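Working notes, beginning with the structure itself.
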């Protein structure tokens, strides 16, 4: 293995932190929970542009550190989100939560700085296999199933990605570098890689995992989940698929799809999850438009989105943590009990709705403007329509039906409700600050965007007036038809129905026909085997009795004890095995990076 | 608590709040027509008075009613539909 100069990958800091955190207790742990993400963030902010961390591994030259404007804007926001997410989760005593979250962020940063598909794939899988713990750690029976479904879907996406990488390697005669593909002439490898990417971006029909998982994860887990997977995929799309036409209609479908399901949704966190699909749709459409303005818009919107969506999940998460409830039909009227959580959630809601002076206003409009500039008027108008839906749900429905509206709280819920601990309030306050700061002081975000100089000005009289009219008249519609929007205790079928129900079919086949066949085979075996055994036993009895007895006894004991051990290994929870596998992967990664020195 | 006090003040004067909001909305539509430069408009329709107001309102209704219609096609199920949560 050859090595380059010492270059500390920000992921290494987080992976080391993840390994360290179980061994530190008390105040030192609280300090560590802030220190590690801050160190990683500082490392990201201090990175120079260029190619670093290259490693010769067998025939391959792996690149761990490609630093340019595009990777930096994503790296920066991921680092910042990790700091704020860790602050929000600081009170969590169980260390597995922190370790899993940091491994997950490390995976995301690894993808962002990866210079080739092999490194990208390695970290891509690290993300999937560490983030699933953020779901399992919820500890409910439902979360177990959700985690398995999540993993199943992501493993499939990963396989598609890997297949695409291998085909591409073969077709190009050994090119595995990660850059812009020939989007005008896609071949099978392009499509497979694209499917791998858009599955993580939750593009229909590959989106079913997202609402399922993000509503079922732990309170802090969802705050992390909502930021990293989809936006890392947006980074990968910006890098590899800018200007791929099919992404425009797909993105617009996403934007509207999420809005439609949000109307029907009763679980506040699932509603927010559907709005991730909707918002990521804008970014996907931006990548599809592919002009400088559109790519800037996709990056800016990803940046703003991570902050306001994190804030929204923090707000509803604090309601869930304090009351144990996240469904609108079990909440309501809580403004007196949780005023701070309300205020911060409202700021998140105004930001996602793109109100002037809030972050969404300066980012979302870049994509829509790019659409109009490219004369994709129909798509752009549909994106405007979806933005009315965003305000309708996240800006109005979520705050109204949790903090106002009919009080559906049980006495227990009502008594439990109060504002969350200081660290959660602090994290939400800082998030809120950023949401407003980005909206008011545009150079902060615009200077980070990949295509410079940014000649876009969001605060024109026309744009402000247009936005205010759309949003405020949406509010009129909301209050006029409030009765129509009262949530009902239902769930909505989505594409996850397909694999949940086919899974059930497989289980039925396994338990009924297959088991019957298995029993039949057992019967046959027992009958024939036993008959044969009786005969052979009689003939060999004497020999056996006298000579082999001692040997066989010894052997049998060995076999039995080995079998016993195997059986125990098998009955241990699969999660433990996966955890061991991930741990080994982390150690390997650390080893690889150490050898870089 | 200042947030709670503010909310309760607004709730107490709900009628006035609704009136003020109505007046502000009307001012927005009129102001947009009279004062705002439409040079940035992408289509002719955007020059009509209150175009974006109507757009927002109709978008809101479309989203509510189309989604509800879709949900009642059989998409919305009882919470124990999958039987595992």
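Please treat every number below as a calculation from the coordinates, not as lab data. From a predicted model like this one, the values you see are computed outputs, not experimental measurements. Please note: Cβ atoms are built from the backbone with ideal geometry, for glycine as well, and neighbour counts cover all protein chains shown.
Assorted remarks:
- Burial order of peptide ranges A:74-86, B:48-60 (average beta-carbon count within 10 Å, highest first): A:74-86, B:48-60
- Residue-averaged [θ]222 nm for chain A, counting only DSSP H segments that reach four residues, each worth -39500 (n - 2.57): -24000 deg cm²/dmol
- Cα long-axis angle, helix A:117-136 against chain A (0 to 90 degrees, to the nearest 10): 90
- Cα-projected label distance for residue B:33 with residue B:18, points at 7 Å along beta-carbon direction, nm: 2.5
- Of the peptides A:14-22, A:52-60, A:363-371, the ranking by mean beta-carbon count within 10 Å, highest at the top, reads A:363-371, A:14-22, A:52-60.
- Estimated from helices alone, the mean residue ellipticity of chain B at 222 nm is -21000 deg cm²/dmol (sum of -39500 (n - 2.57) over DSSP H runs with n ≥ 4, per residue).
- From the C-alpha gyration tensor of segment A:20-90, square roots of 5λ in Å: 29, 17, 9
- Averaged over the residues of peptide B:63-76, the number of Cβ atoms from other protein chains lying within 10 Å of each residue's Cβ is 6.
- Whole-angstrom gap from segment A:482-497 to segment A:108-139, using each part's C-alpha centre: 32
- Equivalent ellipsoid, segment A:242-491 (semi-axes from 5 times Cα gyration tensor eigenvalues, Å): 32, 19, 15
- Length released on extending from residue A:452 to residue A:31, taking residue separation times 0.36 nm less the Cα-Cα span: 147.7 nm
- Per-residue mean of foreign Cβ neighbours for A:433-443 is 0 (Cβ atoms of other chains, 10 Å radius).
- Cα-based convex hull volume of the protein assembly as shown per residue, rounded to whole Å³: 201
- Per-residue mean of foreign Cβ neighbours for A:460-468 is 6 (Cβ atoms of other chains, 10 Å radius).
- Relative contact order (percent, whole number), segment A:242-491, Cα cutoff 8 Å, 6+ residue spacing: 27
- The distance linking segment A:158-237 with segment A:339-409 is 26 Å (Cα centroid to Cα centroid, whole angstrom).
- Relative contact order (%) - criterion: Cα under 8 Å, at least six apart; region: chain A: 14
- Packing-based ranking of A:213-219, A:32-38, A:325-331, A:235-241 yields A:213-219, A:235-241, A:325-331, A:32-38, ordered from highest to lowest mean Cβ neighbour count within 10 Å.
- Between the Cα long axis of helix A:188-200 and the first principal axis of chain A there is an angle of about 80°, rounded to the nearest 10.
- Chain A: angle of helix A:461-480 to the longest principal axis, Cα-based, in degrees nearest 10: 70
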